[in-house]
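Taking it in order: structure first as structure tokens, then the write-up.
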């Protein structure tokens with residue numbers, strides 16, 4: 001099976017812009033979680049989607065949003081970018097909704113200037 | 001919410017020695033504890049996990065122990081090899097939290113020849 005894929009892999013934006021990141025889970029997996037990884041804050045949970053429904057949300061401002069499509073692909077959007085949003089954004093793919101093994105994608109590295 | 005503390009932040013061992021990384025968690029409802037290895041520039045990869053109905057789990061040179069009463073769990077790597085050098089993250093989740101993982105801050109393990 002193909003692994004988790006994320007696009008784009010690298011992105012440079014300026015403050016105030018918005019960005020959309022995409023995640024394609026492993027075939028057959030129905031759950032996708034998103035994490036932000038920074039040197040200072042480590043790995044922090046953003047949100048989780050299962051069957052097109054957001055099941056959990058982390059402690060991030062409303063500028064961070066996401067969605068999941070019927071084919072389980074997921075997107076996350078960050079509006080009004082701030083310098084502090086520079087990070088590696090990782091998505092994880094899981095078969096089901098509860099405490100499954102999470103398979104991470106390669107991440108999208110976002111740099112906000 | 002859940003809080004996971006991880007120690008040490010850096011660990012240097014000689015090849016062939018054992019390495020131990022410890023984590024504590026705060027939410028007594030947590031019942032799933034995975035460990036991830038992340039090499040430089042790569043995605044986190046699951047190396048072992050344990051659920052709260054088990055006290056210890058072993059997979060070749062890697063073992064994890066869980067003490068529910070004290071709310072801590074540990075990763076043990078025996079006969080370390082240079083390829084074990086990486087950042088290791090512990091994490092925790094609870095049944096009610098679905099696939100939301102709360103991560104520790106990571107341990108940079110260096111195995112020296």
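Quick rundown of the values:
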| quantity | calculated |
| --- | --- |
| Failed item, numbered, when residue B:48 is tested on (1) at pLDDT 95 or above; (2) more than 14 Å from chain A (Cβ to nearest Cβ) | (2) |
| Some residue of region A:17-31 being modelled with pLDDT under 95 and assigned to a strand (DSSP E or B) | yes |
| Residue within region B:104-113 that is out of contact with any strand residue (DSSP E or B) (no Cβ under 7 Å at 6 or more places or on another chain), closer than 26 Å to residue A:94 by Cβ and either at the interface with chain A (Cβ under 10 Å from one of its Cβ atoms) or assigned to a strand (DSSP E or B) (or both) present | no |
| Top-ranked residue in region A:73-104 [being at pLDDT 95 or above and in a loop (DSSP other than H, G, I, E, B); ranked as nearest to residue A:45 (Cα to Cα)] | A:86 |
| From the options A:66, A:62, residue that is in a strand (DSSP E or B) and either over 20 Å from residue B:4 (Cα atoms) or more than 8 Å from chain B (Cβ to nearest Cβ) (or both) | A:66 |
| Count of region B:87-113 residues which are farther than 15 Å from residue B:6 by Cα and surrounded by fewer than 21 Cβ atoms within 10 Å (Cβ to Cβ) | 8 |
| Residues satisfying the stated conditions in region B:1-25, i.e. within 24 Å of residue B:95 (Cβ to Cβ) and either loosely packed, with under 14 Cβ neighbours inside 10 Å or touching a helix residue (DSSP H, G or I) at 6+ places or on another chain (Cβ under 9 Å) (or both) | B:1, B:2, B:3, B:5 |
| Hits in region B:46-79 (condition: closer than 28 Å to residue B:112 by Cα and not in a strand (DSSP E or B)) | B:60, B:61, B:78, B:79 |
| Selection count where residues are at pLDDT 95 or above and either in a strand (DSSP E or B) or away from chain A (no Cβ under 11 Å) (or both), scope region B:34-44 | 6 |
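Yes/no matrix, rows are residues, columns are (1) surrounded by fewer than 21 Cβ atoms within 10 Å (Cβ to Cβ); (2) more than 10 Å from chain B (Cβ to nearest Cβ); (3) closer than 24 Å to residue B:93 by Cβ:
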position: A:26; (1), (2), (3): yes, yes, yes
position: A:42; (1), (2), (3): yes, no, yes
position: A:55; (1), (2), (3): yes, no, yes
position: A:74; (1), (2), (3): no, yes, yes
position: A:109; (1), (2), (3): yes, no, no
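The values are calculated or read from the model by the stated rules, or taken from the named source; none is laboratory data. Just so it is clear, the model here is predicted, and its values are computed rather than measured. Don't worry about glycine lacking a Cβ; one is built from the backbone with ideal geometry, like all the others, and counts go over all protein chains shown.
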